[in-house]
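Engineer: Take this structure, written in structure tokens, and hold onto it; I'll ask about it next.
The values are calculated or read from the model by the stated rules, or taken from the named source; none is laboratory data. Keep in mind the model is a prediction, meaning the values are calculated, not measured. Every residue, glycine as well, gets a Cβ built from its backbone with ideal geometry; the counts of neighbours run over all protein chains shown. Accessible surface is based on the protein model in full, side chains and every heavy atom, while ligands, DNA and RNA are left aside. Shrake-Rupley method; radii C 1.70, N 1.55, O 1.52, S 1.80 Å.
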Amino acid sequence: MERARCSRCEELWRKIALLVALASAAVTVALALLAPAPAWAADYQCDQVDLTAQVETDGTVTVTDQRIFDFPADEAKSETLTWLYEGFPEDSSITIRHVRMAALDSDDNVTGEWVNLEPTTFLLSWRGGGRPDSDGWSYDQFQSKLYAFVRNLPDRAVFEVSYVVAHGVTAYDDAADFQWLYAPRDYTVPMHRVRATVVLPMPADATVEPGENVRAWGHGPADGAVDVARDGSVRFFVPEVSPTSFAEARVLFPVEWLTNLSDEDKLKNQGSLQYYWTTRYEEGWVDRDSHQKLLRYGLALGALGLSLAVVVAALAVYARWGRERPPAFTDDYSCDVPAPDLPPAVLGRLWRWNHESPDDVVATVLDMVRRGALRLRMDNNGRPEALEIPQQGSISDEALDGATLALLNTLSEDAESISLRELSAAAHERPLDLLHAVQEWQRKLTDLVQPHHFFDSRSRVAQRWLLVAAGLLALVALGALILVGWQVALMVLAAAAATGVLANYTMRRTPAGNEIAAHAKALRNWMRDGGWQAQCEEMTDAERAELVVYGYLFGVLKFLKEEPGTKAGQLLRLAPSLTHGFDDALRAAHHRAEVS
């Protein structure tokens, strides 16, 4: 009963490890989807942006947009550049006046003449990457997007766009409100050194009182700056606006400065006082933003501190329990069986840190053929053809013989023999029976492994706690991705992965298990490094046949010399055929079980 409980615990912890892996994979996928990615389609750079918005007395805004681009020098420079003009009032309209370009030297001086691009009617196909036959520009008014199609670009060029926004300013009873999204989100490339200037229609006898009659706010990157000058201009500056960010300006100034405002625009928002309510809104926005920043910083520091603490604890646990004890046997080579009293499948579990594998089934069949519990029938060419299966009960249930016989009977439908070429037939007809038989066989093997106590119980407990910690860090990474940002989430996920790796290597063998493993490694080295070829003639056929089973478990059969007509030679031929057939049967059974 105790062994069965241990088996269930092992299965539970394997599921926990799987959940940790799935959680880490989910966070990784989320990071890949949500983290900002570079614009692979654009290989140019936007080095500088200078924008000037002249507010006219009738509420119209005339904008001059100049951008400096660097294009790759080693390619045929043909690009489709885009500008996105959105964020103006709903009743506004945009008219493009001109689009022109000029080449620049290394000091950003214009070389040659300005080249005016000709307008052309917009076609919907250009949204997906099409372009006209000649250079020019076109405006998609439904998406507020300007396209410039240019071939034979210089290495460095300045593009200037001039456009007019009708009804670009909203008038209220006490103030005029100009909102300008001068760097929209989702631009093709990052924009560097972005300067935007709003020139107000200040009357000659008026004065600017910053913070009183002229108030300005900037939204976007935290390192942006706003300056209200007494000459009636408001300047905004942002060092860089990434494709996932934006930059917006908002300016309030006396509505009396709009001396030519139409009666319709005057009456549209009559009864609204903007200075008071907008100031309260913007101050509340700043306070909320500051609070959210402090909260994000606190969460980021907490997540990173927790990650660091978990990794340090994992390193300490690994240093205490993760290192193997040095065995008494230190030889590099040995041709002796590691533990003659252990079934090969039990040694296979020790070799693989108690992980289940179909190789243990194949190794047991090979060992039964070697001992004569199963008979191997060869074809006329000396190749393994079929296994002759004795009747149930004709062999003892000692070790794994009875469970292996039951498994083979499932594959053969209780026939007297089973062809190695038809092992997968039973998987197609009775997949659940085969999977149940394999599960019972592995459970029987687990019952045989448990009493030997090959693995340190304290290191097992430490490994489980580290797996739980790795899982919790993966969940913290998911929370950080939502609440803080992808950079912090990536660092926490890295800590979770490091903890998971340390957990994988924390479990260690007991001194007895490590001693057997040392002998197994020495035998593996002897087979791999030429000991079989040098000494096989000195051994009997029975001794060589016994070592073939272990050579299969250690994955070194290709280094063993095949001797026709001997038991060892038969096993060397049987092993690959049996492995291929049994793997095909398991794959077919799993597939059929899923389909059904």
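Engineer: In region 523-545, is there at least one residue being open to solvent by 20 Å² or more (accessible area, probe 1.4 Å), hydroxyl-bearing (Ser, Thr, Tyr), over 30 Å from Trp321 (Cα atoms) and not in a loop (DSSP other than H, G, I, E, B)?
Structural biologist: no
Engineer: Here's something else I'd like to know. Among the residues that make up region 290-301, is at least one of them surrounded by 21 or more Cβ atoms within 10 Å (Cβ to Cβ), assigned to a helix (DSSP H, G or I) and either within 29 Å of the chain's Cα centre (by Cα) or small (Gly, Ala, Ser) (or both)? Write out each step before concluding.
Structural biologist: Narrowing region 290-301 to residues surrounded by 21 or more Cβ atoms within 10 Å (Cβ to Cβ): none.
No, region 290-301 has no match at all.
Engineer: Then there's this: Given the criteria open to solvent by less than 80 Å² (accessible area, probe 1.4 Å) and of a type in the set (S, T, N, Q), does Thr330 qualify? Lay out the reasoning, then the answer.
Structural biologist: Details: open to solvent by less than 80 Å² (accessible area, probe 1.4 Å): no; of a type in the set (S, T, N, Q): yes.
The answer is no for Thr330.
Engineer: Further question on the same structure: Residues that are modelled with pLDDT of 90 or more and assigned to a helix (DSSP H, G or I): does region 318-336 have at least one?
Structural biologist: No, that holds for no residue.
Engineer: Among the residues of region 136-151, write down those that are assigned to a loop (DSSP other than H, G, I, E, B) and touching a residue at least 60 places away in the same chain (Cβ under 8 Å). Quick ask: steps written out before the conclusion?
Structural biologist: Here is the first cut: in region 136-151, the residues assigned to a loop (DSSP other than H, G, I, E, B) are 141-144, 151.
Result: Ser144, Arg151.
Engineer: Checking the conditions here, which among Arg195, Arg230 is part of a loop (DSSP other than H, G, I, E, B), out of contact with any Leu (no Cβ under 6 Å at 6 or more places or on another chain) and modelled with pLDDT of 90 or more?
Structural biologist: Every option except Arg230 fails the conditions.
Engineer: In addition: With the requirement that a residue be touching an Asp or Glu at 6+ places or on another chain (Cβ under 7 Å) and open to solvent by less than 30 Å² (accessible area, probe 1.4 Å), what does region 148-159 give you?
Structural biologist: Phe149, Val150, Leu153
Engineer: So Arg8 fits all but one of (1) open to solvent by 30 Å² or more (accessible area, probe 1.4 Å); (2) modelled with pLDDT of 50 or more; (3) under 34 Å from the mean Cα position of the chain (by Cα); what number is the exception?
Structural biologist: It is condition (2) that Arg8 fails.
Engineer: Report, by residue number, each residue of region 93-135 that is under 22 Å from Gln66 (Cα atoms), open to solvent by less than 70 Å² (accessible area, probe 1.4 Å) and either of a type in the set (S, T, N, Q) or in a loop (DSSP other than H, G, I, E, B) (or both). Give the derivation first.
Structural biologist: The first filter runs over region 93-135 and keeps only residues under 22 Å from Gln66 (Cα atoms), leaving 93-120, 135.
Keeping just the survivors that are open to solvent by less than 70 Å² (accessible area, probe 1.4 Å) gives 93-94, 96, 98-105, 108, 110-112, 117, 120, 135.
The answer is Ser93, Asp105, Asp108, Thr111, Leu117, Thr120, Asp135.
Engineer: With the condition kept exactly as written, say whether any residue in region 246-260 is assigned to a loop (DSSP other than H, G, I, E, B), at pLDDT 85 or above and within 31 Å of the chain's Cα centre (by Cα).
Structural biologist: Yes, region 246-260 contains a residue that is assigned to a loop (DSSP other than H, G, I, E, B), at pLDDT 85 or above and within 31 Å of the chain's Cα centre (by Cα).
Engineer: Based on this model, can you work out whether Arg458 counts as open to solvent by 70 Å² or more (accessible area, probe 1.4 Å) and modelled with pLDDT of 85 or more? Full working, then the answer.
Structural biologist: Numbers: open to solvent by 70 Å² or more (accessible area, probe 1.4 Å): yes; modelled with pLDDT of 85 or more: yes.
It is true that Arg458 is open to solvent by 70 Å² or more (accessible area, probe 1.4 Å) and modelled with pLDDT of 85 or more.
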